[in-house]
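Q: This is the structure I want to talk about, given as structure tokens.
The values are calculated or read from the model by the stated rules, or taken from the named source; none is laboratory data. Quick caveat, the model's predicted, so the values are computed rather than measured. As a convention, Cβ positions derive from the backbone with ideal geometry for all residues, glycine included, and neighbour counts pool all protein chains shown. Ligands, DNA and RNA are stripped out before the accessible areas are found, and what is left, the full protein with its side chains, is counted by its heavy atoms. Shrake-Rupley method; radii C 1.70, N 1.55, O 1.52, S 1.80 Å.
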Amino acid sequence: MAKPRAAKKTLDSYTIKGTNKVIKPNDCVLMRSPDTSRPPYVAKIESIEAGGARGSNVKVRVRWYYRPEESIGGRRQFHGAKEVFLSDHYDIQSADTIEDKCHVHSFRNYTKLDAVGAEDFFCRFEYKSASGSFVPDRIAVFCKCEMPYNPDDLMIQCEECSDWYHPACIGMTIKEAKKLEHFFCEGCAPQNGKRNGNPDNTSGEIEEKVESKRRKR
């Protein structure tokens with residue numbers, strides 16, 4: 001006569017094997033890829049369950065984050081190096097494949113970080129894995145190139161109209177842009193006289209400072 005299967009037990013937390021780090025539902029983790037040449041997968045823990053006679057077989061239900069290169073459209077110029085998309089792809093995985101905890105920040109909070117660690121990521125899109133579509137399907141674009149903001153790239157702000165520009169798009173090197181004390185774009189320069197600009201207002205406060213000037217795409 002076959003032995004009855006041990007009932008699964010829902011756990012409130014789990015300690016990552018080989019560490020003292022505790023994860024709980026809604027935490028984000030790095031999970032080992034079967035291909036050791038690839039970076040670990042990023043996932044959000046939905047629930048934790050233990051099975052087996054002694055509850056040693058721990059499984060986690062996860063919701064995957066996709067990296068841009070894992071999406072149907074692939075990585076694009078405006079995607080940040082630490083950008084991930086929250087997908088509609090759920091899965092059950094062994095807790096043994098969890099390597100470490102990580103943090104997936106909102107886009108706004110990520111741009112305000114003093115320093116970005118290996119465990120820091122950001123998400124500004126939800127991704128539909130079957131169709132390759134994104135939510136939202138339109139976000140603010142900037143500069144003459146009309147591209148969404150990549151937090152890895154330096155941008156400088158016009159003091160008159162508050163629009164943001166990539167140095168390369170206005171015929172300037174990054175080194176030159178960093179030396180500016182004042183900056184007026186081509187449209188605003190005739191009224192103000194062309195002066196050197198201040199690149200100190202780069203990155204972190206972009207969402208707040210260009211609210212009235214943003215364009216949708």
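Q: I'd like the residue in the range 15-62 that is among the aliphatic types (A, V, I, L, M) and outside any strand (DSSP E or B) and, out of all such residues, is farthest from the chain's Cα centre (by Cα).
A: Taking the candidates together, the pick is 53.
Q: I'd like the full set of residues that are touching a residue at least 24 places away in the same chain (Cβ under 8 Å), open to solvent by less than 80 Å² (accessible area, probe 1.4 Å) and touching a Phe, Trp or Tyr at 6+ places or on another chain (Cβ under 9 Å), limited to the range 44-62.
A: 44, 46, 48, 50, 58, 60, 62
Q: Moving on. Could you pull out the residue among 175, 112, 82 that is farther than 25 Å from residue 35 by Cβ and under 14 Å from the mean Cα position of the chain (by Cα)?
A: 112
Q: What are the residues in the range 11-26 that are touching a Ser or Thr at 6+ places or on another chain (Cβ under 9 Å) and either among the basic types (Lys, Arg) or modelled with pLDDT of 95 or more (or both), if any?
A: Correct list: 21, 22, 23, 24, 25.
Q: Let me ask something else. Could you look through the range 146-168, keep only residues that are more than 21 Å from the chain's Cα centre (by Cα) and open to solvent by 50 Å² or more (accessible area, probe 1.4 Å), and pick out the one that is nearest to residue 83 (Cα to Cα)?
A: 168
Q: Among the candidates 41, 14, which residue alone is within 17 Å of residue 67 (Cα to Cα) and surrounded by 12 or more Cβ atoms within 10 Å (Cβ to Cβ)?
A: 41
Q: If a residue has to be open to solvent by 100 Å² or more (accessible area, probe 1.4 Å) and either among the acidic types (Asp, Glu) or at positive phi (or both) to count, how many in the range 173-188 make the cut?
A: Within the range 173-188, residues that are open to solvent by 100 Å² or more (accessible area, probe 1.4 Å) and either among the acidic types (Asp, Glu) or at positive phi (or both) number 2.
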